[in-house]
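Working notes for the structure below.
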Amino acid sequence: MLLWSVAWRTRTLHQLRIVLKAPLRKIPIFGWAMQHFIFIFLQRRWADDQVNLHKLLPFLTSTEPEASYLLFPEGTDLSENNLAKSTVFAEKNGLPPRRYSLYPRTTGWTFMFPLLRSQLTAVYDITMFYVDYAANERPSEASLLTGRMPRMIHFYIERVDISALRDKSESELATWLEKRFERKEALLKAFYEENGKLPHGATSLFQQNQSSAMVILVAFWLVSIGAATIFGLIGNFISVIAALAIVTGYTINTAYGPGVDGFLINNL
């Protein structure tokens, strides 16, 4: 969610397609909306995922040639449990353990890039640095939903021109991604262990401080819209029935059917 603010400021939000874990598509309202936005959901069953990607990506490149794709190669969040799993993986493969990042999964990247590179001009590598409330405190979905936001977030964005990647083989693309994450670990380590040290040569593109007025304004509109919706539904029996029917239909279709995105893929 935090990266949406970057997409908005760089004027790419309207054409952003995010690669996500399939269970997220089942989240009421938000998951259903993401299906309509044609976000890319992965089941983590490669036999199925590669078939769906091979159908969906050419469709998106032909209908939305200027779309941007947001990929999280690590595949999950930086929780203590996932860090422990990453450490086990590192030990089994003779790699150094990491504290500030996870080892990336290269399969999705090496499969998707050849299908997209004809329309891409660059790959943007984004590293996020959090100014936390307490030392070593990491923001999570739970903390964000409860309103416990980091005091500040630095987004370090590096542009890699497509010419540097276009002719790379699958193994070379995998190695490139692994090197990028090795660099991320070093940058994050320097930031958290050297008093907020940012990468050398980093320049500020945009800056926005969270003001009390903005918080009050957003809260006002959320409460107003929510109240209007509730009173409108209560006062109109037909609206209540229609809303319940829509919610029930989406829930059943997402849980037991293909969903909106699945219907599209099945008919490509």
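The values are calculated or read from the model by the stated rules, or taken from the named source; none is laboratory data. Since we're looking at a predicted model, the values are computed, not measured. Neighbour counts are summed over all protein chains in view; Cβ atoms, including those assigned to glycine, are modelled from backbone coordinates with ideal geometry.
Quickly run through the range 140-162 and pick out the residues that are modelled with pLDDT under 75 and either outside any loop (DSSP other than H, G, I, E, B) or in contact with a helix residue (DSSP H, G or I) (Cβ under 8 Å, 6 or more places away or on another chain) (or both).
Glu141, Leu144, Leu145
Which pairs do you get when a residue that is over 18 Å from Phe37 (Cβ atoms), found in the range 248-268, comes within reach of a residue that is assigned to a helix (DSSP H, G or I) and not hydroxyl-bearing (Ser, Thr, Tyr), reach meaning Cβ atoms under 7 angstrom, with the pair 6+ apart or on two chains?
Within 7 Å, the pairs are Ala255/Lys26.
Within the range 88-105, restricting attention to residues that are under 16 Å from the mean Cα position of the chain (by Cα) and not hydrophobic (A, V, I, L, M, F, W, C), which residue is nearest to Glu185 (Cα to Cα)? Please lay out each step first, then the result.
So in the range 88-105, the residues under 16 Å from the mean Cα position of the chain (by Cα) come out as 101-102, 104-105.
From the residues that got through so far, the ones that are not hydrophobic (A, V, I, L, M, F, W, C) too are 101, 104-105.
Numbers: Ser101: 6, Pro104: 11, Arg105: 15 Å.
Among them, the one singled out is Ser101.
Report, by residue number, each residue of the range 177-204 that is small (Gly, Ala, Ser), in a loop (DSSP other than H, G, I, E, B) and over 18 Å from Val6 (Cβ atoms). Spell out the reasoning first.
Going through the range 177-204, the residues small (Gly, Ala, Ser) turn out to be 186, 190, 196, 201-202, 204.
Remaining after also requiring in a loop (DSSP other than H, G, I, E, B): 196, 201-202, 204.
Matches in the range 177-204: Gly196, Gly201.
With the requirement that a residue be within 20 Å of Lys189 (Cβ to Cβ) and surrounded by 14 or more Cβ atoms within 10 Å (Cβ to Cβ), what does the range 115-131 give you? Before you say what the answer is, go through the steps one by one.
Of the range 115-131, the ones within 20 Å of Lys189 (Cβ to Cβ) are 125-131.
Passing the criteria: Asp125, Thr127, Met128, Phe129, Tyr130.
If you go through the range 102-124 one residue at a time, how many are under 15 Å from Thr175 (Cβ atoms) and of a type outside the set (S, T, N, Q)?
Quick first cut of the range 102-124, residues under 15 Å from Thr175 (Cβ atoms) only: 103-107, 109-110, 113, 123.
Retained after the next criterion (residues that are of a type outside the set (S, T, N, Q)): 103-105, 109, 113, 123.
The total comes to 6.
Give the range 143-198 a look and list any residue that's exposed (fewer than 11 other Cβ atoms within 10 Å of the Cβ), under 19 Å from the mean Cα position of the chain (by Cα) and either of a type in the set (Asp, Glu) or within 30 Å of Gln119 (Cα to Cα) (or both), or say none.
Passing the criteria: only Arg159.
Among what's in the range 222-268 and is surrounded by fewer than 13 Cβ atoms within 10 Å (Cβ to Cβ) and touching a Pro at 6+ places or on another chain (Cβ under 9 Å), pick the residue that is nearest to Lys26 (Cα to Cα).
Per the stated criteria, the residue is Asn266.
Identify, by number, the condition in (1) in contact (Cβ under 8 Å) with a residue 24 or more places away in the chain; (2) farther than 29 Å from Leu244 by Cα that Ala90 doesn't meet.
(1) is the only condition that Ala90 fails.
Out of Tyr103, Tyr130, report the one residue that is in contact with a strand residue (DSSP E or B) (Cβ under 9 Å, 6 or more places away or on another chain) and either assigned to a loop (DSSP other than H, G, I, E, B) or in contact (Cβ under 8 Å) with a residue 12 or more places away in the chain (or both).
Details: Tyr103 fails: in contact with a strand residue (DSSP E or B) (Cβ under 9 Å, 6 or more places away or on another chain).
Going through Tyr103, Tyr130 in turn, just one is in contact with a strand residue (DSSP E or B) (Cβ under 9 Å, 6 or more places away or on another chain) and either assigned to a loop (DSSP other than H, G, I, E, B) or in contact (Cβ under 8 Å) with a residue 12 or more places away in the chain (or both): Tyr130.
Those residues that are under 14 Å from Thr107 (Cβ atoms), exposed (fewer than 13 other Cβ atoms within 10 Å of the Cβ) and acidic (Asp, Glu), I need them from the range 34-82; list them, please.
Asp48
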